[in-house]
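The structure appears below as structure tokens.
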Amino acid sequence: MATTITSIDASIKNLAVPFQTAIKTQIESESAPLKRIQVLKDSIEVRKGVYTDVKTNLDALQSAMQALISSQSTYGLTSTSKSSVVPATSGSTVLTISKTSETAAATDYDFYVSKLAKAHSRATAAAASPDIALNKSGTFWMGGTGTANLQTETEPGVYADFVASTSLTAASAISAATGQKELGTGTYTLQVRDSSSVRQFRLVDADGNAVSIRKSDGSTGYTSEWQTMNDGVFDTGRGQSLTLNKSGGLETTSFYYTAKGTSISISTSDTQRSIVASINAALQPEGHDFRASIVSNQLVLTSSQTGANHSMIYTDGASLGFNTLLQSAQNAEFTVNGMNVSRASNANLTDVVDGLTINLAGDAEGKSARLSVTANNDKALGLMNALVTKFNASITHLKDKMASTSKTENGKTTYTRGPLSGETVFSNFRSDMLYRMSRSYTNTGNYKRLEEVGLSFDKDMKLTLDSTKFSDAIKNNKADVTALLDAGMGEMNTMLSRYTGTSGLLTKSLSSFETQSKDYDQRIAKYNASLEIRKQSLYNQYIEYQAQLVDLGNTATMFGINLGSNVNTSG
């Protein structure tokens, strides 16, 4: 029943106490149906709260189970790997690992680094000052000389017209898209593959790295990822036009691209500082681009990337004189378990050891180190422990809500039924889950019971995990563990789905409770509105009675008559 003080309630307080009592008694009598509806509403709210808690627990339990089923998208029961590096020379670093994935094989790798990758760098003679005019003029080309070309390299240093393949039927040089860096001079390869019956392609450079090109689906933006291959002319946006044929073969097709490049004009009034600014502002072809700086009053050019394939390409038409070689471009060269490896970069090497991202340290040249990868079951153990926690929370909560409790006071015992007491659907569910967690499962592996991989019940029927037994099982017989969990957790997941999800029992029940609650709210609102009208009517009636009594009291006073009335007429 509503307890809000309305204007009529305030007005009723101005009546004489007997009249207030009469109205209160009448309203209390007529409020009986409202109180019954409120009791029903409160009961529904209690059940809705209990069902909500049960659903929250079962949703969490189902999520924990699905993480152990290999066919589920959230599956995570995989052994991860840990890596460590021990340099042969004390005090050195040699290499570090920035990422270790679960695909890394658990073994040792012996590294010896003979060379680190370096960037090409050249310098001019020193000037008197960076801000005086050099009295030089001409065109300084970067990355090319004004003409682009696309050919096939028939043998080292020998180029001929482009040779087509079944997947790349034609290719030519065109202008790069506005605001896009042209690809630098060098060899590029079109790679083709089939993925889920979709023909895909990407473009990689001479180092084997995918380069960013225009998206083939017509959307804005560029990508270096594999993308869908369509028939017809494709503009990379980076200076190449490729005619693709998705019905062709899966062969790779290479071509040699000569970049057009970009230029700046240098006048006699230019200083080292103005030249540096112009070079660094230019949109140079990617791959052979460089940065300019001033060191000891010398103009210095340094490649933006390390590696032999990224030496600077420029034409000094202004005779600035970059005649001093500071550093030649070179690849990092090292061995891994005796195998020779060469890479253009020292950092983020993802294709040396599968599953690892390797970084060569600045002190690596001439040094060796052992990289060890070991299996790590911490993630798998965490998921199994999560299952145990969620299972026990769900089963214990149901047990508590189905139980009846007793209370004894003054020698008298009373019993209170739990909110789910008598609901066999939940007692059956609890019994079924306990049974399925301990039963035998037919599967393709050697394990038939969950207790064989560490899951069992203690004396209090609480699920526990033997971490050692589970770790040994997944380390030595992962396929068998997977088969057992797929069977056991899969069966329980199916049963849980009858209760959870959009069409589950709990979801439907909660929806029904919500509907009933809204219906009760509407009925309560109508009763309250009716009672307000009734109170107004009673007030009008009794205020008139009170006014009449006041008039009678005034008349009696006028004639000196004592009526013996105890009506308070003071207002």
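Table for the structure above
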{"item": "Residue-by-residue Karplus 3J(HN,Hα) for the range 421-434, coefficients 6.51, -1.76, 1.60, Hz, glycine and proline x", "result": "4, x, 7, 4, 4, 7, 5, 5, 4, 4, 4, 5, 5, 4"}
{"item": "Accessible carbon and sulfur surface of the range 468-545 relative to its total accessible area, %, 1.4 Å", "result": "49"}
{"item": "Estimated dipole of the range 472-535 in Debye, rounded to 20 [Cβ of Lys and Arg +1, of Asp and Glu -1, Cα centre]", "result": "500"}
{"item": "Percent carbon-and-sulfur accessible area, the range 385-441, ignoring ligands, DNA and RNA, probe 1.4 Å", "result": "46"}
{"item": "Residue-averaged 222 nm ellipticity for the chain, from DSSP H runs of 4+ at -39500 (n - 2.57), nearest 500", "result": "-11500 deg cm²/dmol"}
{"item": "Kirkwood hydrodynamic radius (C-alpha pairs) into Stokes-Einstein, the range 85-161, 20 °C and 1.002 mPa s, D in µm²/s", "result": "106"}
{"item": "Cα gyration tensor shape of the range 217-368, rounded if a/c is under 1.5, else prolate or oblate by comparing a/b with b/c", "result": "oblate"}
{"item": "Where 235, 480 fall by accessible area, highest first, once all protein chains stay in place (1.4 Å)", "result": "235, 480"}
{"item": "Lys/Arg +1, Asp/Glu -1 at C-beta; the chain dipole; positive extreme among 481, 61, 431", "result": "431"}
{"item": "Whole-angstrom gap from the range 227-295 to the range 42-93, using each part's C-alpha centre", "result": "47"}
{"item": "Residue-normalised accessible area of the range 417-529, given per residue in Å² at a 1.4 Å probe", "result": "52"}
{"item": "Per residue accessible area of the range 1-93, 1.4 Å probe, in Å²", "result": "53"}
{"item": "Cα gyration tensor, the range 20-114 - rounded (a/c under 1.5), prolate or oblate", "result": "prolate"}
{"item": "Reachable lysines, given that their alpha-carbon falls under 26 Å from the alpha-carbon of residue 181 and they are not under 8 places away in the same chain", "result": "118, 215, 260"}
{"item": "Whole-percent pair-distance distribution, where bins are 5 Å wide, for the alpha carbons of the range 476-521", "result": "5, 20, 14, 13, 12, 10, 8, 7, 5, 4, 2, 1, 0"}
{"item": "Table column - 3J(HN,Hα) (Hz), the range 80-89, Karplus curve with 6.51, -1.76, 1.60, x for Gly and Pro", "result": "8, 10, 10, 10, 9, 10, 10, x, 6, 9"}
{"item": "Heavy-atom accessible surface of the range 110-236: percent carbon and sulfur, 1.4 Å", "result": "46"}
{"item": "Eligible lysines near residue 478 by straight Cα distance, threshold 25 Å, same-chain separation 8 or greater", "result": "82, 99, 379, 390, 448, 469"}
{"item": "Accessible area per residue, Å², the range 284-406 with all protein chains present, probe 1.4 Å", "result": "45"}
{"item": "Charged-residue dipole, Cβ positions (Lys, Arg, Asp, Glu), the chain about Cα centre, Debye nearest 20", "result": "1700"}
{"item": "Unit charges at the beta carbon, dipole of the chain: most positive-side option, 342, 558, 98", "result": "558"}
{"item": "For the range 108-261, the Rg and Dmax computed from alpha carbons only, in angstrom", "result": "19.7, 66"}
{"item": "Size of charge dipole - the range 91-132 - debye, nearest 20, with Cβ of Lys, Arg +1 and Asp, Glu -1, no other charges", "result": "220"}
{"item": "Sequence of 8, 543 when ordered by accessible area, the most exposed leading, probe 1.4 angstrom", "result": "543, 8"}
{"item": "The range 97-121-the range 131-169 distance, computed between alpha-carbon centres (Å)", "result": "33"}
{"item": "Pairs of alpha carbons in the chain whose separation is greater than 43 Å (percent)", "result": "57"}
{"item": "With all protein chains modelled, accessible area of residue 43 [1.4 Å, Å²]", "result": "60"}
{"item": "Per-selection metrics, the range 279-416 (Cα): Rg and Dmax in Å", "result": "33.3, 112"}
{"item": "Partners for residue 41 among aspartates and glutamates (Cα-Cα distance below 13 Å; same-chain residues under 8 apart left out)", "result": "514, 519, 521"}
{"item": "Long-range Cα-Cα pairs in the range 340-454 (distance over 18 Å), rounded percent", "result": "74"}
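The values are calculated or read from the model by the stated rules, or taken from the named source; none is laboratory data. Quick caveat, the model's predicted, so the values are computed rather than measured. Every residue, glycine as well, gets a Cβ built from its backbone with ideal geometry; the counts of neighbours run over all protein chains shown. Note: areas computed on protein heavy atoms with side chains; ligands, DNA, RNA excluded. Shrake-Rupley method; radii C 1.70, N 1.55, O 1.52, S 1.80 Å.
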